[in-house]
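Let me begin by presenting the structure, written as structure tokens, before commenting on it.
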Amino acid sequence: MDGGVLRLELDGEALTPTANEVYDLVFGGGETFRGRACAPGKTGGISFSRYPARLIMALRYGDGPDGAALYAVPSAVAGENRIDLPGGGQPDIDQVIVGSRWYPLATGALDHVNQQLGRTGAKPGRALSLRQYLELRKMAGSEDWIEDGTGEGKPPVPAELEQRTEEALVSFRGTLYPYQRDGWRWLTYIWQEGLGAILADEMGLGKTIQVIALLASPERDAAAPSMIVAPTTLLENWRREIGKFAQGLRVIVHQGADRSGDYRTLCDADVVITSYETVVRDSSMFAMIDWRIVVLDEAQAIKNPDTKRTQAIKALRRRTGIAVTGTPLENRVRDLWSLTDFAIPGYLGDLKDFESRFVNDQAGAADLEPLVSPIMLRRMVADVATDLPERITIPQAIGLSETEAARYEQVRQETLAEYGASGHLVALGRLRMFCAHPMLIEQGDWSLDEAMAFTKTRRLVEIIDEVFARRQKMLVFTSYNRMAALIVRIVRERYGAYAAAINGDTPVPDRQKTVDMFSDEAGPALLALNPRAAGAGLNITAATHVVHYNLEWNPAIEDQASARAHRRGQTRPVTIHRLYFATTIEEVVNDRLELKRDLSGAAVVGVAGTENDRADVARALRISPVGF
């Protein structure tokens, strides 16, 4: 026996019989071998099987030069022992010894394997490209000779990328957690392979910063601009985050009436930030550009493949498409088809073929998972909790729509006319109320759809969508009881989930009862809380997400409110979302909170009528979203 192949010694000469020759000698009663007398004798402890071994191509990584090698291995019919085929599956191999037992290979099995591999350009024992890996994963659905031995169902990141660190990113300024660094490397690998992916990390794990690290890579200098497509509510946040972590990137926000009509203007940028609606309106101009990377934030926006929005997005010419979403599959498996069809067009076939293959149920999703998992990076907070702080804070600057900005400016001018440029804290109340929701200062009845159309409310609903998709619970703090009532109404009517409010009108004995009902709820649930009535004394550790819908002047009030969920007894990381409108009074409030935290470590700092307080009030009256 040599390398798993049987050797026959005849008249002092070592010969290699074929599988048919061995079979004839052992089971067929043969007494001659190639015309020479041969009586079976010593077998060296080898036993012989009448039945051929099953040939398997096992997709593995970790041993190859690039961490992704392909091996041909036979498997015993009733055993788990297996051995790599000698020579990486050479065509003249037709037998194998597994342990101490000899097996023939099925006639033509190896030829079939090599022929099928030839369709992908892969060879046994050679490193795989990601494209080859994906083709083999697709092939595995109809071929029983392929098995995935990768464990997580993802190809590896090549060794040279593993050795890179964020210091190699010329324009990136920030610190990545280990799992974020892994995500950046993986996205870089996807880009280098000329493919696309779905970044589906759970909310709070920093999908934005991983994408910015990718966009800031040095390779961008010789490439076309990249595009970020996001809901209108998040355009300003993307601009600010890029400015914070990648100041070297030239950024253009292409949105609104003042946007350029000349595509060459966009080519001067490294990153163009725009909205889904603008992609539809300006599709002909965007079609003139070959985009380096197109990133879709809140990519569930294209889950319906029949909409003009989805069709316009998929028509963008791009080297790489990255779909960013915390909810890759919301209602139907076709949601995931649409995202995948953006990331790698045609990978799952056309929609009609897809729906005929994958039923919209749990079994269909299970069948789909092996195909999609290699191009989807999805980590949960619980999976990377050791890398995370106990509290994840996400400040999110939101931009008012043009109509909302004009109305805000009108309210600001009215306030200035009434109180003067120096202003007064009370005078800012109307501006703060407007930033919570215009219905708080305007008369008339608002339908649910009209109320949800307001930019900040729409962003809150996007957060609720993702939290509830994970069947988690959340707290939303707002100073305004009418706003809390609207939030409760949205949750009950849109999701059919448990929702309740606690404010100053809630009897003290009833407050804990409400918390208990919230905590005992089996599914997702929401409490809308007034920070002054429910911001202290209550233990609400059933919630893992806290949203500060409108910010308070006093950082202690906000921090005490957050501590309702982030406190002793909480066993999971808590994500704190802080929503505020850019270039409005809310930005002044946010800046003040951050400054006070830096100076006093979140000590109790109120408005004491000092010069600094009056300066904040005056600035709040001067700042305007119009013209930005």
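The values are calculated or read from the model by the stated rules, or taken from the named source; none is laboratory data. From a predicted model like this one, the values you see are computed outputs, not experimental measurements. Cβ coordinates were reconstructed from backbone atoms using ideal geometry, including for glycine residues, and neighbour counts include every protein chain displayed.
Residues satisfying the criterion are present in the stretch 439-455 (criterion: within 27 Å of THR325 (Cβ to Cβ) and in contact with a strand residue (DSSP E or B) (Cβ under 8 Å, 6 or more places away or on another chain)). Residues of the stretch 309-325 that are in a helix (DSSP H, G or I) and under 15 Å from LEU336 (Cα atoms): THR310, LYS314. Out of all the residues in the stretch 506-521, is one or more buried (at least 20 other Cβ atoms within 10 Å of the Cβ) and among the aliphatic types (A, V, I, L, M)? Yes, the stretch 506-521 contains at least one residue that is buried (at least 20 other Cβ atoms within 10 Å of the Cβ) and among the aliphatic types (A, V, I, L, M).
Among the residues of the stretch 192-205, is any of a type in the set (S, T, N, Q), under 16 Å from the mean Cα position of the chain (by Cα), under 24 Å from LEU339 (Cα atoms) and at pLDDT 75 or above? No, the conditions are met nowhere in the stretch 192-205. Taken residue by residue, the stretch 412-420 has no member that is in contact with an Asp or Glu (Cβ under 7 Å, 6 or more places away or on another chain) and either buried (at least 18 other Cβ atoms within 10 Å of the Cβ) or modelled with pLDDT under 90 (or both). Close contacts from the stretch 349-361, counting a first residue that is assigned to a helix (DSSP H, G or I) and a second that is not basic (Lys, Arg), with Cβ to Cβ under 7 Å and a gap of 6+ residues or different chains, come to LEU351/PRO305; LEU351/TRP337; PHE354/TRP337; PHE354/LEU348.
Among the strands (runs of 3 or more DSSP E) contained in the stretch 221-275, which hold 1 or more residues that are among the small types (Gly, Ala, Ser) and closer than 19 Å to ASP297 by Cα? Outline the logic, then answer.
On the way: elements: 226-230, 251-254, 271-275.
The qualifying strands (runs of 3 or more DSSP E) are 226-230, 271-275.
Filtering the stretch 276-306 to residues that are of a type in the set (D, E, K, R) and surrounded by fewer than 21 Cβ atoms within 10 Å (Cβ to Cβ) leaves GLU277, ARG281, ASP282, ASP290, ARG292, ASP306. Restricted to strands (runs of 3 or more DSSP E) entirely inside the stretch 1-112, no element has at least 3 residues that are of a type in the set (Ser, Thr, Tyr) and either in contact with a strand residue (DSSP E or B) (Cβ under 8 Å, 6 or more places away or on another chain) or at pLDDT below 70 (or both). Taking the stretch 307-326, which residues are of a type in the set (Val, Ile, Thr) and buried (at least 16 other Cβ atoms within 10 Å of the Cβ)? THR310, ILE313, THR320, ILE322, VAL324, THR325, listed by residue number. Residues that are more than 20 Å from GLU552 (Cβ to Cβ), surrounded by 21 or more Cβ atoms within 10 Å (Cβ to Cβ), charged (D, E, K, R) and out of contact with any Leu (no Cβ under 6 Å at 6 or more places or on another chain): does the stretch 446-457 have at least one? Taking every residue of the stretch 446-457 in turn, none turns out to be more than 20 Å from GLU552 (Cβ to Cβ), surrounded by 21 or more Cβ atoms within 10 Å (Cβ to Cβ), charged (D, E, K, R) and out of contact with any Leu (no Cβ under 6 Å at 6 or more places or on another chain).
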